[in-house]
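One structure is given below, encoded as structure tokens.
Just so you know, all these numbers are worked out from the coordinates, no wet-lab data involved. Owing to the predicted nature of the structure, the values given are computational and were not obtained by experimental measurement. Here the Cβ is made from the backbone with ideal geometry for all residues, glycine too, and neighbour counts use every protein chain on show.
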């Protein structure tokens, strides 16, 4: 199994290292840490152990790969100024399966349209890992994957990839309806990620304590949108999300971590796409609309003041 | 005309000084700056000139006033932990007219209920002034007042007070429907004040540039609530508010100034009361609800972290 990872940050480095452990031939496209990774590989510190992942090859651009991989894993953030098609098109061959390990809802279509004849696997990572330095990945907790073909189904390409991941020590589940799984994850993400930022840095536990009714309202709107798109979620999905969050230790969302570090946030992938789906399906989602409008204001630097937002 | 000012900050100090100029006998209740004001009076730096206002008497508590005033002007902020009735009750006599120079909507009833036999004047100040130091008021711009009896009408007490203010150099307008005037002011306040805070410090011009559609939606909800309470606003009130804001220089709202200075914000008076009116009147106001919920989160210190919100 030949694998190419595009976007070799924490997520790409971690899952690439796992497939390498499982016996795949894993090459990586790596921009910011290119020199370090080429010279030393990627140092993995994980709940699964500590090891150094030596990619079969390290490229600056996908076009440098001499032959198309069996699986191309795209692991970048989903941001308006990242052209995902351009990032991968030179490396995609006629038999390459494209795998998105990315956040958000309704993020597949742009890629699917560009590669109509390739199998597209959409994947969700439930993982807590971060880049702890150049060529260093720190996997702190969890790690499960959900993988399914887009728009639906879970054929042999999904099964083979799940098998490889499972051999490496994490759980990877084949999903017949990965789109529903994305909406299910969005039920949590759409409230907690932006609220952690807009509240000025509250942990999930604080948000829940001070704003549970509001969180539930946002979750309810996500459920309504999911249902309108043909992916109704379980009746108790909101109660379970609330209960699960209550069990978690006080937690800073990834969006808050990005915001505090001055990195771009996945506002569009997580919240903007949900709001656009609501508009398209004509499902009222005024609370999500309000949160989205506020996030767009929050992301803005004041034009009238020569200083960053505080 | 005997006047007692309760809450002698910037607003109370400024309007007290004006009534003094107009020939009234003005005493003040003043807590934080008591010593300075008792010794030196209040230094006024205004577009109307610079002068020192020497109150007829300076008290720490309203109960120290030996006789009830003709007019008691309450000029504190409207905050959940300020008991406005307790602040004034010892100074209110049977013939005292109570005058609220305060922000917000539906802020009168609590005071009216406590003093059912007194005339209550509700007043709106359109003024830009601040406390520039102990016993120092800096009046930077505007200054107009709207005064009307609550719940409606504008009898002789209103007329006399307007006359006094007008003699002092500012415009004071007698309003037959002061409640509608409060809702009209809320059309601007309910979006711009919280959005300036939740956006991380944007000026009005930035908010308008990046979020005009959202601002208009919030304004529309305020208009619907006002109409449901029996105070329909003019058809073009939103367009006029937008146009007027566009003409203003980039402006930091009072709520943003309070937030940046770590002072409590009038979230409840401006936004919470509007939302509660919407619920009572069963007018849908989901965007205001969302902004209100976010302000309650924004005001919260994270319980799980030993640090203030950033």
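What average count of beta carbons from other chains do you get within 10 Å of the Cβ of residues in B:216-222? Can you show the working numbers first?
Details: counts 0, 4, 2, 0, 0, 1, 0.
Mean inter-chain Cβ contacts per residue within 10 Å come to 1.
Normalised by the residues of chain B, what does the relative contact order come to in percent, with Cα pairs under 8 Å and at least six apart? Could you put the intermediate results ahead of the total?
On the way: 578 pairs, mean separation 46.5, N = 310.
Dividing the mean separation by the residue count of chain B yields 15 percent.
Throw me the Rg/Rh for the stretch A:220-283, computed over C-alpha atoms with Kirkwood Rh, two decimals. Kindly include the intermediate steps, with their values, before the conclusion.
On the way: Rg = 14.4 Å, Rh = 13.6 Å.
Rg/Rh: 1.05.
For residue A:86 and residue B:260, FRET efficiency with R0 = 51 Å and r from the beta-carbon atoms, rounded to 0.05? Walk me through the numbers on the way to the answer.
Numbers: r = 42 Å, r/R0 = 0.82.
For R0 = 51 Å, the calculated efficiency reads 0.75.
Which whole-number value in Å³ per residue fits the convex hull of the alpha carbons of the stretch B:187-237? Walk me through the numbers before you get to the answer.
Numbers: hull volume 3.5 nm³, N = 51.
Taking the convex hull of the Cα positions in the stretch B:187-237, it is 69 Å³ per residue.
Can you show me the helix-derived [θ] at 222 nm for chain B, built from DSSP H runs with n ≥ 4 at -39,500 (n - 2.57) apiece and divided by the number of residues, rounded to the nearest 500. Don't skip to the answer; put the middle values down first.
On the way: 11 runs with 129 residues, N = 310.
It lands at -13000 deg cm²/dmol.
Sort all Cα-Cα distances of the stretch B:2-176 into consecutive 5 angstrom bins from zero, then give the percent of pairs in each bin up to the one containing the longest distance.
Result, from short to long distances: 2, 9, 19, 24, 23, 15, 7, 1, 0 percent.
For residue B:141, place a label point 7 Å out from Cα along the Cα→Cβ vector, do the same in each other copy, and report the separations in nm, one decimal, smallest first.
Counterpart label points of residue B:141 in the remaining copies fall at 5.0 nm.
Which percent, to the nearest 5, of DSSP beta bridges fully inside the stretch A:37-173 are antiparallel?
On the way: 17 of 31 bridges.
Here the share of antiparallel DSSP bridges comes out near 55 percent.
Compute the orientation-averaged projected area for the protein assembly as shown from the convex hull of its Cα atoms and round it to one decimal in nm². Could you put the intermediate results ahead of the total?
Details: hull surface 121.8 nm².
Averaging across all directions leaves 30.4 nm² for the Cα convex hull.
How big is the stretch A:180-304 along each principal axis, measuring the range of its Cα positions in Å and listing the largest first?
Principal extents (Cα only, largest first): 42, 35, 22 Å.
Let me confirm one metric for peptide A:284-290, namely the mean number of other chain beta-carbon atoms within 10 Å of its residues' beta-carbons.
On the way: counts 2, 1, 9, 7, 2, 6, 13.
If you average over the peptide's residues, the count of other-chain Cβ atoms is 6.
In chain B, what % of DSSP beta bridges are antiparallel (nearest 5)?
Counting DSSP beta bridges with both partners in chain B, the antiparallel share is about 40 percent.
Please report, for residue B:284, the nm distances (one decimal) from its label point, 7 Å out from Cα along the beta-carbon direction, to the equivalent points in the remaining copies, shortest first.
List, nearest first: 0.2 nm.
Which whole-number percent is the relative contact order of the stretch B:2-176 (Cα, under 8 Å, 6+ apart)? Kindly include the intermediate steps, with their values, before the conclusion.
Details: 381 pairs, mean separation 39.6, N = 175.
The value is 23 percent.
Using the per-residue mean of other Cβ atoms lying within 10 Å as a proxy for protection, in what order, highest first, do the peptides A:174-183, A:284-293, A:140-149 fall? Show your work: numbers first, answer last.
Working: A:174-183: 21.1, A:284-293: 23.8, A:140-149: 18.5.
Taking the mean over residues of other Cβ atoms within 10 Å, the ranking is A:284-293, A:174-183, A:140-149.
Mind listing the Cα extents of the stretch B:103-186 along all three principal axes, in Å, largest one first?
For the stretch B:103-186, the Cα extents along the three principal axes come out at 37, 26, 25 Å.
Across peptide A:204-210, how many C-beta atoms of other chains are within 10 Å of each residue C-beta, on average?
4
When the Kirkwood radius is taken over all Cα pairs of chain A, what Stokes-Einstein diffusion coefficient follows at 10 °C and 1.306 mPa s, in µm²/s?
Values: Rh = 20.0 Å.
The calculation lands on 79 µm²/s.
Taking a cut-off of 15 Å, what percent of all Cα-Cα pairs in the stretch A:20-61 are separated by more than that?
In whole percent, the long-distance tail amounts to 41.
For the protein assembly as shown, what proportion of DSSP beta bridges, expressed in % and rounded to the nearest 5, is antiparallel?
The antiparallel proportion sits near 40 percent.
Taking the label point 7 Å from Cα in the Cβ direction, how far apart in nm is residue B:94 from each other copy of itself, listed shortest first?
Counterpart label points of residue B:94 in the remaining copies fall at 10.3 nm.
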